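This report concerns only the one structure given below.
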Amino acid sequence: MSIHKVIIDTDPGMDDAAAILMALASPELEVLGLTIIAGNVSLNDTVRNACKLVALSGRRDISVHAGAAGPLVREQVFGKYAKIGSFSDELVRAGDVVPSREDAVHFIVRSARAASDAGEKITLCAIGPMTNIALALVQHPDVVRGIGQIVSMGGAFTALGHRTPWAEFNVYADPHAAEIVFQSGVPLVIMPLDMTFQALVTAEHFEQFRSGGAAGVALCNLFSTFDRSDVHRFGRPGGPIHDATTIAWLIRPDLFTGVKAFVGVQITGLTMGYTYADFYKKMGRAANATVMTDVDDAGFINLLIERIALYGHADLDTKTLGGPKS
Ligand code: RIB
Ligand code: CA
């Protein structure tokens, strides 16, 4: 089993919660830490939510690093569920994890340089607006030597947007950052709405999270409280858990189908945040990304449920869950 060294850059966020808990229970991933961005909700709330999730996971080895409070250039926008704010104690129990004094960009840069010095590379798992990652790439260009790939939940290429008719939220919230990341030259794997909309998680599914102890119950609480379904749009019950697809891909890439293409972001005008992919090679530009177009939705959902269930095995300590091996 190959182990991915991963930093998860995240704006928790319910689907971020699923991704984080899935990652922290998966031995295929060595999660170096969480870097936090404003997005679904404000930075204060995303940091609080991330700390609660780390406490819930029992992974005392995981650090939380606060990052940018807003986008690089555009005015700040928040997610559709911005009213969630901080996860209430009723939904996600209070914990005692506090953020590190080291900020997100510094942590990304230090981790990438350490990996490079060791002849290794890390994976950045971008499941929020990409401001932190863009800042790291622009302020410290040498970091690319230690970053093997960026796996990003973002964009909409054949699907219409959802935060606006033309844009997916993570890109819409900071299109300039997304374009910096897209054109950085770092190998890029993108999980767009085109694919995440195929895997709809229903109440029957998230009731199964309850077998995952306190972590699973909290995840079920979140998904039961905030309805993500949209039968009008999707034609069937259930809602996407966008961010968890990035973790599932790292664990089981065989569940996904992707196409290499040149991708970019519109950063001006009314449709700022629109993303395009040159699937038919009209632009003469070399592909800069692998865009995931299809997912085995049942396989993905079963993997998510299986990994959340691990939190319910009282005999499993955090090391078994995926923590550093002694
Ligand atoms: O468009 C979906 C993305 O926006 C997800 O990452 C969700 O958490 C929000 O950040
Ligand atoms: Ca997110």
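Odds and ends about this structure:
- Options A66, A104, A17: the member that is under 26 Å from F209 (Cα atoms) and crowded, with 20+ Cβ neighbours inside 10 Å: A17
- When residues of region 1-14 are limited to those that are assigned to a loop (DSSP other than H, G, I, E, B) and away from ligand 1 (no atom under 14 Å from the Cβ), the one surrounded by the most Cβ atoms within 10 Å (Cβ to Cβ): I3
- Restricting R74, R59, R48 to residues that are outside any strand (DSSP E or B), closer than 27 Å to F300 by Cα and basic (K, R) narrows the list to R59.
- Pairing each residue of region 10-33 that is without any contact (Cβ under 8 Å) to a residue 60 or more places away in the chain with any residue that is surrounded by fewer than 24 Cβ atoms within 10 Å (Cβ to Cβ), provided the two are 6+ apart or on different chains, yields no C-beta distance under 6 Å.
- When region 119-147 is limited to residues that are surrounded by fewer than 19 Cβ atoms within 10 Å (Cβ to Cβ) and out of contact with any Gly (no Cβ under 9 Å at 6 or more places or on another chain), the one that is farthest from M191 (Cα to Cα) turns out to be G119.
- Region 125-149, subset away from ligand 1 (no atom under 14 Å from the Cβ) and touching a strand residue (DSSP E or B) at 6+ places or on another chain (Cβ under 8 Å), residue farthest from P175 (Cα to Cα): G146
- Filter result for G258 (part of a loop (DSSP other than H, G, I, E, B) and surrounded by 15 or more Cβ atoms within 10 Å (Cβ to Cβ)): no
- From the options G185, G161, residue that is of a type outside the set (A, V, I, L, M, F, W, C), more than 16 Å from ligand 2 (Cβ to nearest atom) and over 16 Å from W249 (Cβ atoms): G185
- Residue count for region 29-56, restricted to those that are surrounded by 24 or more Cβ atoms within 10 Å (Cβ to Cβ) and over 17 Å from the mean Cα position of the chain (by Cα): 1
- Here T268 meets the list (1) loosely packed, with under 14 Cβ neighbours inside 10 Å; (2) over 23 Å from T164 (Cβ atoms); (3) of a type in the set (V, I, T) almost entirely, failing just condition (2).
- Among residues of region 1-16 being more than 9 Å from ligand 2 (Cβ to nearest atom) and farther than 11 Å from V64 by Cα, the one that is farthest from the chain's Cα centre (by Cα) is M1.
- Scanning region 69-88 turns up no residue that is among the β-branched types (V, I, T), more than 16 Å from ligand 1 (Cβ to nearest atom), in contact (Cβ under 8 Å) with a residue 24 or more places away in the chain and crowded, with 17+ Cβ neighbours inside 10 Å.
- Within this structure, F223 fails the test of being part of a loop (DSSP other than H, G, I, E, B) and either touching a residue at least 60 places away in the same chain (Cβ under 8 Å) or within 16 Å of ligand 2 (Cβ to nearest atom) (or both).
- If the condition is being touching a strand residue (DSSP E or B) at 6+ places or on another chain (Cβ under 7 Å) and either among the hydrophobic types (A, V, I, L, M, F, W, C) or in a helix (DSSP H, G or I) (or both), then region 77-124 contributes V97, A104, F107, I108, S111, A112, A115, I122, L124.
Let's see how each residue does on (1) among the hydroxyl-bearing types (S, T, Y); (2) touching a helix residue (DSSP H, G or I) at 6+ places or on another chain (Cβ under 7 Å):
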{"site": "G146", "(1), (2)": "no, yes"}
{"site": "G154", "(1), (2)": "no, yes"}
{"site": "A159", "(1), (2)": "no, yes"}
{"site": "V189", "(1), (2)": "no, yes"}
{"site": "Q198", "(1), (2)": "no, yes"}
{"site": "S224", "(1), (2)": "yes, yes"}
{"site": "R236", "(1), (2)": "no, no"}
{"site": "G239", "(1), (2)": "no, no"}
{"site": "A244", "(1), (2)": "no, yes"}
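- Cβ-Cβ under 9 Å pairs, at least 6 apart or on other chains, region 267-291 side farther than 16 Å from F182 by Cα, far side aliphatic (A, V, I, L, M) and crowded, with 16+ Cβ neighbours inside 10 Å: T271/A167; Y280/A261; K281/A261; K281/A287
Quick note: the coordinates plus some simple rules give every number you see, no bench work behind them. Only a predicted model underlies this, so the values are computations on that prediction, with no experimental measurement involved. Ideal geometry is used to build each Cβ from the backbone, glycine not excepted, and the neighbour counts take in all protein chains shown.
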